[in-house]
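I have placed the structure first, in the form of structure tokens, so that the comments after it can refer back to it.
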Amino acid sequence: MNYFLPAAWHELRQWQIERLCHLMAENAPQYYLGRGRGIMMAALLAQDNGRPITKSQLADVIGTEEGRRRMADLSGAIDFIKEAPTLPVRPDRLCGRTAIRADFQRVRFGTFLQVTTLWSILKRLAQKEIDGMTADERLKQYKLVLVELVDQLCPPLRRESKEAPALTDDELSLLSAAVMLWMEGLTTMLSGMYPSIFTYRPEEPAVTEEKADDAARALQHAVSVALGGDEEETDGGDDPVRTAMLMVRALSGGDVTKVDAVLRTDTHTCLQELQERVEESRKVKASQKA
């Protein structure tokens, strides 16, 4: 058999992405990549002439010493999954519904703001203990936010009940893995496309190592600059709701009659405009200091 394994994120086929999400879900609630090599993982992602290997082929791979040795030799190809994706990767469908474009092309800016705000909240609920909230309360809130986020990423054909469905632990883990894979890749892609608003510059004096790893802080810092704020300050910390409000304000020029138009505009058109405004603001400030 001529088995083949993907060697990069962009080489993954849909069935491989779905299997990878299931594999990641088995390691929940870590929510982060870093799975290392494994014969079973390699076998589940392997393809034979573009198709998943069959159950009988899988039995041959796992059940024989020769098959395991062959797959172990091939498994180095999937080392790329030890690192976060560099582009948005996601299943085409979540909860039985078709997902929006992974790269947010031709997606309204209002949807982008809702998604990024919910994603920031979801990460906090997953990674941090919150004062005044028990573990059960935090899990309940996590499920509510996750379902709302999936509604934005895979809009229902008609509005369903706002009450969150009863998710099993397996369903929760699978959705978390799929959303994490998508959002981490999207953040990395946007940082490369719009570095002035998603990435801190090394030469900026007030930037700390902690901030450099925080896309939310970088974004808020950049928007504050676009609004005429000081380079050395980031008003509001990393509050995702306030960041979204500041982005709309920067694009609307503070004119509330233009807010709806901004929210309906294509996401990348808005991000490109923000990028240019940040660069222009920095050039003006640099000339004033000269």
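Values quoted throughout were computed directly from the atomic coordinates according to the rules given, and no laboratory measurement underlies them. The model shown is predicted, which means the values in this text are computed figures rather than measured ones. All Cβ positions, even for glycine, are placed from backbone atoms using ideal geometry, and neighbour counts span all protein chains on display.
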Calculate the FRET efficiency for LYS285 and PHE80 from the Cβ-Cβ distance with a Förster distance of 45 Å, rounded to the nearest 0.05. 0.65
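By its C-alpha gyration tensor, with a ≥ b ≥ c as the square roots of the eigenvalues, how is the range 3-82 shaped: rounded for a/c under 1.5, else prolate for a/b larger than b/c, else oblate? Kindly include the intermediate steps, with their values, before the conclusion.
On the way: a/c = 1.61, a/b = 1.43, b/c = 1.13.
In terms of gyration-tensor shape, prolate.
Going down the table (LYS82/LYS283; LYS82/LYS143; LYS123/LYS285; LYS258/LYS285), which pairs top 31 Å between alpha carbons? If you can, show how the numbers build up before the last one.
Numbers: LYS82/LYS283 39 Å; LYS82/LYS143 27 Å; LYS123/LYS285 35 Å; LYS258/LYS285 27 Å.
Where the Cα-Cα span goes over 31 Å, the pairs concerned are LYS82/LYS283; LYS123/LYS285.
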For the range 55-117, just the Cα set please: Rg and Dmax, both in angstrom. 18.9, 54
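Would you mind classifying the range 93-193 by shape? Square roots of the alpha carbon gyration tensor eigenvalues, ordered a ≥ b ≥ c; an a/c under 1.5 is rounded, otherwise it is prolate if a/b is larger than b/c and oblate if not. Show your work: numbers first, answer last.
Details: a/c = 1.84, a/b = 1.27, b/c = 1.44.
Judged from the Cα gyration tensor, the range 93-193 comes out oblate (a/c at least 1.5, b/c at or above a/b).
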Packing-based order for 173-181, 241-249, using average beta carbon neighbours within 10 Å, highest first: 173-181, 241-249
With θ taken as phi - 60° and the coefficients 6.51, -1.76 and 1.60, list the Karplus ³J(HN,Hα) couplings across the range 108-125 in order, rounded to whole Hz; mark glycine and proline as x. 4, 4, x, 5, 4, 5, 5, 5, 5, 5, 5, 5, 4, 5, 4, 5, 5, 5
